[in-house]
Amino acid sequence: MQIESASSVPPPFNFLLSKGWEAVIQSRNPRSILRIPTPAVILLFALATPLLSAQTTHLDAQKIASGVWFLPGDASKGYCNNIVIEMKDYLIVIDANYPGRARELIHQMHQLSPKPVRFVFDTHAHRDHSYGNILWTEAGATTFAYQGVDDEMDRYEPTRWQTTAVEREDVRALNLTDAPRPQLVFHKSPFILRDSTREVQFYFLGWAHTRGDGFVWLPKERILCTGDAAVNGPRNKLWDANLASWPKVLDKALAFSPLHVLPGHGTAGGPEILIGQRDFLLDLYAAVKQQADAAKTPAQMTVALPAHDQNWTPKDLTQDVAITYTEITQHKPAGDIPHVWK
Ligand SMILES: [Zn+2]
């Protein structure tokens with residue numbers, strides 16, 4: 001591998017390649033932007049120094065394939081799931097999680113591998129997936145995301161950070177006034193990390209749960225990490241979504257033909273998670289549209305979804321019906337309509 005123009009790239013990104021690849025890195029306080037054309041392929045060197053220290057508690061990691069682990073998050077603490085992917089010389093962690101969980105993972109990662117965490121990918125901008133960013137950075141990793149994640153944070157922060165800091169000690173304890181953004185963003189999908197052992201592809205497939213939903217695809221192992229674009233259970237929120245587009249994004253994800261689907265919340269499984277999330281959204285949209293067309297308001301609606309949606313249907317559908325109704329009757333994505341996260 002050759003490195004060209006490394007002197008024009010500011011540290012800590014001067015280990016990034018690029019024979020044949022145009023990498024333009026612009027400094028932007030407090031973060032930097034990485035623009036890479038499609039197909040974006042980056043080969044990476046490992047740092048020699050392990051960055052994470054040992055501790056005694058135990059990770060409840062499920063091995064999905066050789067060097068790929070699914071780490072269920074504690075729902076009672078609001079944590080999302082994490083996925084750890086082992087490369088030749090380093091680890092990739094999917095989602096920064098909340099600060100409390102990020103700290104646990106940083107201290108316990110040695111249970112999986114002595115290799116350093118080099119990259120942390122934010123699947124989307126929501127607090128339970130990104131608010132631990134700064135802790136990973138302090139531990140020596142580089143956080144990154146699709147550009148849409150950065151855009152969502154600029155759109156909704158620092159309001160959500162400040163609201164969350166009132167509710168949560170792990171966020172408040174960081175003493176920050178705004179959400180730390182991912183350090184790098186990519187603009188063209190897919191963005192690829194590859195070495196002699198594995199290839200990992202990072203995709204943006206369209207506006208679904210948020211404007212920036214990132215999917216992680218391991219083509220050899222046929223493993224797909226979905227963030228909250230697909231969850232396993234009645235755990236989703238629709239406020240920032242595009243409900244008309246979301247099922248189409250899930251169809252694109254299904255077209256990968258994954259063997260394993262690792263969701264942002266709920267247990268790991270297979271393509272039935274993508275199908276179930278999609279069908280719930282389609283059925284919800286159709287039911288609300290039918291009654292809206294009959295001039296019913298959300299308060300007048302009775303929405304009963306088919307039995308196959310049961311796993312994705314919350315006990316109280318009131319909020320989902322109201323958001324769907326708003327998108328249908330205002331003729332624009334729910335996330336485009338002014339709203340407060342609840
Ligand atoms: Zn989440």
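Read the figures in this text as sums done on the coordinates, not as results from a lab. What you see is a predicted model, and the numbers here were worked out from it, not measured in a lab. Virtual Cβ from ideal backbone geometry, glycine too; neighbours counted across all protein chains shown.
Here are the numbers for this structure:
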{"quantity": "Label-point separation, N311 to D178 (7 Å along Cα→Cβ), nm", "calculated": "4.1"}
{"quantity": "Hydrodynamic radius by Kirkwood, which averages 1/r over all alpha carbon pairs of the range 63-202, in angstrom", "calculated": "15.2"}
{"quantity": "Förster-model FRET efficiency, 41 Å R0, S66 and H331, C-beta, rounded to 0.05", "calculated": "0.25"}
{"quantity": "Contact order relative to length of the range 241-342, as percent, for alpha carbon pairs under 8 angstrom and 6 or more apart", "calculated": "29"}
{"quantity": "Whether the range 289-342 is rounded, prolate or oblate, judged on the alpha carbon gyration tensor where a/c under 1.5 counts as rounded", "calculated": "oblate"}
{"quantity": "Principal axis dimensions, the range 237-290 - Cα atoms, whole angstrom, descending", "calculated": "35, 21, 17"}
{"quantity": "Inter-probe distance in nm under a simple model that places probes 7 Å from Cα toward Cβ, at A322 and A304", "calculated": "2.4"}
{"quantity": "The range 156-228: C-alpha gyration tensor shape, a/c 1.5 cut-off, then a/b vs b/c", "calculated": "prolate"}
{"quantity": "Residues with amide H under 5 Å from that of T143, placed H, sequence gap 5 or more", "calculated": "V120, Q183, L184"}
